[in-house]
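First the structure, in the form of C-alpha cells, and then the observations on it.
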Amino acid sequence: MGKDSQHDTDRAADAERLRALEAGLARARGEKLPIVSGGDKYHQANNAWRMVIELVAGLGIGFGIGYGLDRLFGTLPILLVVFTLLGFAAGVKTMLRTAAELSGPPAKKTPDSPAENTPDHPAGDTPAGPARTKGTQRGD
C-alpha cells in the first residue's frame, strides 16, 4: 500500500514539474499562457467595458474642450461640434488600438504561405531595371 501512495506522489510531482517546464518554455517563446479554469470569468465583458469607456471619454473630452473654447471665444456651436467629432474620432482610434492589443500579436508568415511566395517586384522588374528573358517572349 505504501508503494501506491508513493507512486501517486511521484506522479503529482512530475505533473507539477511538467507544468512549470511548459510555462517556462512559453515565457521564453513570448507566448501567452493559456488561462486555466477558474480564471477571470468576466474577462471579455471587462474588455468590452474598457472600450466603451474609451469611446465615451474621447467624446467627453472633445465636448469639454469645444464647449470651453466656444465660451471663451463666443462662437458657441461651431467649436463644440468640431471638437466633439474630433473626440469621437480619437475614441474610435483608441478602441481600435485596444482591440488590436487584445487580439494578440500578428500571425507570423510561414514559408509556405501564399503571401511569402509573391514576387517582390511585380512583372519581373527589379530595382536595377526590367527583367531580361531569353527566348521566352518572342521565340528567340
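The values are calculated or read from the model by the stated rules, or taken from the named source; none is laboratory data. As the structure is a prediction and not an experimental result, all values here were calculated from the model. Note that we place each Cβ from the backbone using ideal geometry, even for glycine, and neighbour counts take in every protein chain shown.
Below is a table of values for the structure above.
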quantity	calculated
Qualifying position, being touching a helix residue (DSSP H, G or I) at 6+ places or on another chain (Cβ under 6 Å) and either outside any loop (DSSP other than H, G, I, E, B) or at pLDDT below 85 (or both), among LEU72, LEU33	LEU33
Filter result for THR84 (touching a residue at least 40 places away in the same chain (Cβ under 8 Å), part of a helix (DSSP H, G or I) and surrounded by 14 or more Cβ atoms within 10 Å (Cβ to Cβ))	no
